[in-house]
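Have a look at the structure below before the remarks.
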Amino acid sequence: MKYLIVIAILLSNTLSADNTFNIEGKVTSNNKALPYVNVYLKNTDKGSVSIDDGTFIIKNVPEGNYVLVASFTGFKPFQKPISLADQNIRINIKLEEELILNEVVVTGTLKPVSRLESPVPVEVYSPSFLKKNPTPNIFEALQTINGVRPQINCSVCNTGDIHINGLEGPYTLVLIDGMPIVSGLSTVYGLSGIPNSLIEQVEIVKGPASSLYGSEAVGGLINVITKLPENAPIVFANFYTTDWEETNFDLGFKARIGEKVDMLFGANYFNYSNPIDNNEDNFTDVTLQDRISVFQKWDFRRKNNRMFSVAGRYFYEDRWGGEMQWNSKFRGGSEVYGESIYTSRYEIIAKYQLPVDEKMMFQFSYSDHDQNSAYGNTFYLAQQRIGFGQLTWDVPNKNHDWLFGLSGRYNFYNDNTTVTEQADEIVIPSVFVQDEIKINKAHKLLLGARYDYDKRHGNIFTPRLAYKFKPTEHDIFRINAGTGFRVVNLFAEEHAALNGSRDVIIEEALKPERSLNVNLNYLKKLYTKNGKIIGIDASAWYTYFTNAILPDYDTNPNQVIYDNLDGSATSLGFSINLDATFSSNFRGVAGFTVQEVSQKENGNKAQQILTEKFSGTWSMSYKNFNYNFIIDYTGNIYGPMRLPVLGELDPRKSESPIWSIQNLQLTYDGINNFEFYGGIKNVLDWTPNRGNPFIIAGAGDPFDNNVVFDNNGNVVPTVDNPYALTFDPTYIYAPNQGRRLFFGLRYKLN
């Protein structure tokens, strides 16, 4: 008997020491087994993956209370509290499908609509996409979007713009909350002042949108949509630094004031104060910057859920690049070369829905931009004020959805150049109409037109047509056609007109550019039997320009010539985006673009300078749910570009090689409200200096003191200047910043 008691005690001790249980079950969707779903216990290392028949088992779980989570891309998240006490449990999980492509977009038609239903193809990028390769500004964040390329225009001051489908930056309109306030001066400098932490989503339309947005929306547009206060976290912060001693800090919070007002506040600070000269040309490889941006947004609750919001932003930046020994006492002088830019800017945006039964919306924006720049011993002092007001009336009527609009744009621009003898001040009134016709469930047609009056150029009419055919739930065909126009503000938009020692030649009074565009788009979603989801987004386009204004670096290497092209310019190409979900752990996005952007004049055809023939982008993400880490691998690749060399003796390459920037990031999110991340940027350590003897022409003589010219104004080779070069920093096609480590921390309290 005593042996039986001893055995019972031993068994009891064993059971109490190994008091663990199993959790098992089956994952289904629409009564079908769903394999490869991650099923795990929140904030633990216990988890499993469903197999081909949808079943799963999590073994050896200690007793206690847990939250069971099931996660699979393309389906709504599943969470359920469970309790393990004295036995194994079984739970069957039913996941609801959530269409990945069903985001709500506003950019294509000026009103909220499902992305699947929009007749205009709109690409949408969420904050999670921006986090895969953390950057201090929206300019750099777009580098892994197919067909979109941030272009640095100057080796010294590192200012840039955004190219869409190979077209120069001034052809791209950048909106904030649908308002066209990033233009002119801020096209070059203002893109760095939008804190990424405040972004709800970024919407991109490739192709002209002038019938809705007017001038500048010729090549496409980027709409940066900020967070609504009620949807933002209570508090959020993001800090990261690199081994180049770059520091970026975002901070924000929301607050409810009374019963009817929600407020969102955000601030961004970026600092880089560590001059580096890895290519040993005595010039800073990367511009030094000290930048702050403060943003505030107010939402007011009104009767019948009518909208009223007001937002404001202030931006200040002090940036300089140049010779390593430069400091502010040399600013504007001829002793040490530096490019120093002080930028002060504020913006106001408002949206108000009229208190009437009809759906009428008034939007308003105003920006004031002041720039004080010194390029060596040349000062460029400029002011720009832009006011914009727009009233829209949305009139749905059976199968027709009408949109009527009135708008007015006020533009004031003044600078100290000889071209601007007096301030340019103008008001451009506009009227537009759009009819979205639902022919039947599969067919939708959009017709639109816009009329603008510019006293400098007269009447401007821009029609637009879009057609959508949706034969199945997972196939969409779209065709878009339209015209565009652009009025050029040369010194505000063309950085090459300001820096370097090339003479600026403006051969005639510049006329507005005109364009005609056709875009074909196909969108498809594939669901495989083993749980993979593949999205296909393919487009082909053709754009034809008349009166194109492109900087001419070829006629005379010592000049940059601006005139209306006596001929035509074209942009044609094909792009495809693939979005694949291989499992709940692994997702990849890849895109590829082939394009030809050229100009034809006097029977001669030439590739547009600084435009790649092909490009590719990718973003791969792997998440381990058990150990709470994510690996992101992002990158891009670009084909050859024609480069602005300074004549036959210039030893620099006249065409760029194939080049690529690639990044790795590891994120840990196993602590509530916190994310720790770090990685390597530019893993391949690529810079445009590779394979070239130098990047900046005449870096040893930036004021051209020792340059000798002949009677025709051509540079003569000498012992001190064997390649017959003048100072020129415009030979830049890729970031001149090599490999670097980064580490950061995010905090978010919902």
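The values are calculated or read from the model by the stated rules, or taken from the named source; none is laboratory data. Computed from a prediction, not measured in an experiment: that's the story for all the values here. Heads up, the Cβs are rebuilt from the backbone with ideal geometry, glycines too, and the neighbour counts pull from every protein chain shown.
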Open item on the list: Can you tell me how many residues within the stretch 680-699 are more than 30 Å from residue 134 (Cβ to Cβ) and surrounded by 13 or more Cβ atoms within 10 Å (Cβ to Cβ)?
Closed with: 4
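Being of a type outside the set (A, V, I, L, M), out of contact with any His (no Cβ under 7 Å at 6 or more places or on another chain) and buried (at least 18 other Cβ atoms within 10 Å of the Cβ): is that true of residue 735 here?
yes
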TODO: Sort out which residues of the stretch 645-679 are of a type in the set (A, V, I, L, M, F, W, C), in contact (Cβ under 8 Å) with a residue 60 or more places away in the chain and surrounded by fewer than 19 Cβ atoms within 10 Å (Cβ to Cβ), and write them in order of number.
DONE: 649, 674, 676
Task: Near pairs, Cβ below 6 angstrom, 6+ apart or cross-chain, from the stretch 326-341 (within 11 Å of residue 702 (Cα to Cα)) to any residue that is small (Gly, Ala, Ser) and assigned to a loop (DSSP other than H, G, I, E, B) - done: 337/376
Task: Members of the stretch 16-51 found to be in contact with a Pro (Cβ under 8 Å, 6 or more places away or on another chain) and of a type in the set (Gly, Ala, Ser), listed by number - done: 50
Task: Qualifying positions in the stretch 58-68 - in contact (Cβ under 8 Å) with a residue 40 or more places away in the chain and surrounded by fewer than 20 Cβ atoms within 10 Å (Cβ to Cβ) - done: 60, 61, 62, 63
Task: Residue check, residue 298 out of contact with any Gly (no Cβ under 6 Å at 6 or more places or on another chain) and either assigned to a strand (DSSP E or B) or of a type in the set (Ser, Thr, Tyr) (or both) - done: yes
Task: From the options 500, 531, 535, 484, residue that is part of a strand (DSSP E or B) and at pLDDT below 80 - done: 484
Task: Filtered residue count, the stretch 430-444, keeping only those that are in contact (Cβ under 8 Å) with a residue 12 or more places away in the chain and either basic (Lys, Arg) or out of contact with any Leu (no Cβ under 8 Å at 6 or more places or on another chain) (or both) - done: 5
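Which of the residues spanning the stretch 593-615 are buried (at least 18 other Cβ atoms within 10 Å of the Cβ) and closer than 30 Å to residue 527 by Cα?
Of everything in the stretch 593-615, those that are buried (at least 18 other Cβ atoms within 10 Å of the Cβ) and closer than 30 Å to residue 527 by Cα turn out to be 593, 615.
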Task: Options 605, 623; residue that is in a strand (DSSP E or B), assigned by TED's automatic domain parsing to the domain that holds residue 546 and closer than 27 Å to residue 667 by Cβ - done: 623
TODO: Could you check, for the stretch 708-717, whether at least one of its residues is farther than 30 Å from residue 251 by Cβ, under 26 Å from the mean Cα position of the chain (by Cα) and in the same structural domain as residue 282 (by TED's automatic domain parsing)?
DONE: no
Open item on the list: Given the options 140, 168, name the one that is within 28 Å of residue 642 (Cα to Cα), in the same structural domain as residue 196 (by TED's automatic domain parsing) and modelled with pLDDT under 80.
Closed with: 168
Open item on the list: Against the conditions (1) surrounded by 18 or more Cβ atoms within 10 Å (Cβ to Cβ); (2) under 22 Å from the mean Cα position of the chain (by Cα); (3) β-branched (Val, Ile, Thr), where does residue 294 fall short? Just the number, please.
Closed with: (1)
TODO: Can you give me the number of residues within the stretch 69-85 that are under 19 Å from residue 624 (Cα atoms) and exposed (fewer than 15 other Cβ atoms within 10 Å of the Cβ)?
DONE: 3
TODO: Just give me the residues in the stretch 232-278 being free of Cβ contacts under 8 Å to residues at least 60 places away in the same chain, over 21 Å from the mean Cα position of the chain (by Cα) and not in a strand (DSSP E or B), in sequence order.
DONE: 245, 258, 259, 260, 273, 274, 275, 276, 277
Open item on the list: If I filter the stretch 545-565 for residues that are at pLDDT 85 or above, in contact with a Lys or Arg (Cβ under 9 Å, 6 or more places away or on another chain) and in the same structural domain as residue 523 (by TED's automatic domain parsing), do I get at least one hit?
Closed with: no
TODO: Select from the stretch 405-450 the residues that are under 19 Å from residue 371 (Cα atoms) and not in a strand (DSSP E or B) and list them in ascending order.
DONE: 416, 417, 418, 419, 420, 421, 422, 423
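Residue-by-condition table, conditions (1) within 29 Å of residue 697 (Cβ to Cβ); (2) crowded, with 23+ Cβ neighbours inside 10 Å; (3) among the acidic types (Asp, Glu):
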{"site": "126", "(1), (2), (3)": "no, no, no"}
{"site": "129", "(1), (2), (3)": "no, no, no"}
{"site": "134", "(1), (2), (3)": "no, yes, no"}
{"site": "140", "(1), (2), (3)": "yes, no, yes"}
{"site": "153", "(1), (2), (3)": "yes, no, no"}
{"site": "157", "(1), (2), (3)": "yes, yes, no"}
{"site": "173", "(1), (2), (3)": "no, yes, no"}
Open item on the list: Return the residues of the stretch 701-750 that are aromatic (Phe, Trp, Tyr), within 25 Å of residue 135 (Cα to Cα) and part of a loop (DSSP other than H, G, I, E, B); say none if nothing qualifies.
Closed with: 731, 733
Task: Neighbours by Cβ (under 7 Å, 6+ apart or cross-chain): first from the stretch 730-749, more than 30 Å from residue 266 (Cα to Cα); second part of a strand (DSSP E or B) and among the aromatic types (Phe, Trp, Tyr) - done: 734/659
TODO: Would you be able to tell me the number of residues in the stretch 566-584 that are among the hydroxyl-bearing types (Ser, Thr, Tyr) and either at pLDDT below 75 or more than 30 Å from residue 617 (Cβ to Cβ) (or both)?
DONE: 2
Open item on the list: Quick check on my filter: what residues within the stretch 303-323 are of a type in the set (D, E, K, R) and surrounded by 15 or more Cβ atoms within 10 Å (Cβ to Cβ)?
Closed with: 306, 313, 317, 318, 319, 323
TODO: Output the number of the condition that residue 652 fails; it satisfies all remaining conditions of (1) charged (D, E, K, R); (2) at pLDDT 90 or above; (3) under 25 Å from the mean Cα position of the chain (by Cα).
DONE: (3)
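Give the residues of the stretch 124-175 that are among the hydroxyl-bearing types (Ser, Thr, Tyr) and either within 12 Å of the chain's Cα centre (by Cα) or in a helix (DSSP H, G or I) (or both), sorted by residue number.
Correct list: 125, 126, 128, 135, 144, 171, 172.
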- [ ] Looking for whichever is at pLDDT 85 or above, in contact with a Lys or Arg (Cβ under 8 Å, 6 or more places away or on another chain) and among the aromatic types (Phe, Trp, Tyr) here; the options are 633, 638. Which one fits?
- [x] 638
Open item on the list: Condition check: without any contact (Cβ under 8 Å) to a residue 12 or more places away in the chain and of a type in the set (A, V, I, L, M). Does residue 716 satisfy that?
Closed with: yes
Open item on the list: Contact list please: Cβ distance under 9 Å, first residue in the stretch 165-179 and in contact (Cβ under 8 Å) with a residue 24 or more places away in the chain, second residue in a loop (DSSP other than H, G, I, E, B) and acidic (Asp, Glu), pairs at least six apart or on different chains.
Closed with: 166/612; 168/494; 170/216; 170/494; 171/216; 172/216; 173/216; 174/216
